Every structure is written in structure tokens, then in C-alpha cells.
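Comments concern the structure below.
We did not get these values from a lab; they are worked out from the coordinates using the rules stated. Please read these numbers as outputs of a predicted model, since none were measured by experiment. For neighbour counting, all protein chains shown are included, and Cβ atoms are generated from backbone atoms with ideal geometry for every residue, glycine included.
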Amino acid sequence: MIWFYAKQGRHLRCEVRQLVDGDRFDLIITDADETERVEHFDDSASVTRRSLQLEAEWLNEGWDGPFGREY
């Protein structure tokens, strides 16, 4: 799953990838300056909690979203 957030012509990208081995996930965040960071999770509940936490932070900072791929 990929989501985008927008603020004053800048964009954030948040992607969740399920890994091949088991119920493990990577959360890839690409900041507006193209800096990328990856967080690793051992289950879907953990990655969901973190993505919701990030979404709340970004909305609080004035980012609009999430938008799907068409954005």
C-alpha cells in the first residue's frame, strides 16, 4: 500500500511492504526532500499502529492526505 500526503506543493510518501518471510513488514517513508527511511515490523498490527501514528503527526503538522496512487 502506498499513500501520499501534500503540503504547500511538497509531498510525503508512505509505503507498507509485506516481506516474503512470514508476517513481517517494512514501512518506507520518503520525505519531501527525497530522504528515505525504513522501519521494520514483526506483525501487521505493529505496522498499522505506526502508520496511524505517523498519519496523526502529519495531519497535525498541516499535511493533507492520505491520497492514493492517483495523486
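Data for the structure
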| item | result |
| --- | --- |
| Cα gyration tensor shape for the chain, rounded if a/c is under 1.5, else prolate or oblate | prolate |
| Loop GluC sites (Glu not before Pro), the chain, which have at most 15 other Cβ atoms in a 10 Å radius of their Cβ (DSSP) | Glu34, Glu61, Glu70 |
| Table column - 3J(HN,Hα) (Hz), the range 7-13, Karplus curve with 6.51, -1.76, 1.60, x for Gly and Pro | 7, 6, x, 9, 9, 10, 10 |
| Principal-axis tilt of helix 44-60 within the chain, Cα atoms, nearest 10 degrees | 10 |
| Computed magnitude of the charge dipole of the chain (debye, nearest 20; Cβ of K, R +1, Cβ of D, E -1) | 160 |
| Spin-label model distance (nm) - Arg17 vs Asn60, 7 Å beyond Cα toward Cβ | 2.9 |
| Interchain or long-range residues, amide H under 5 Å from Arg24's placed H | Leu19 |
| Added length on full extension, which subtracts the Cα-Cα distance from 0.36 nm per residue, Phe67 to Asp26 | 12.8 nm |
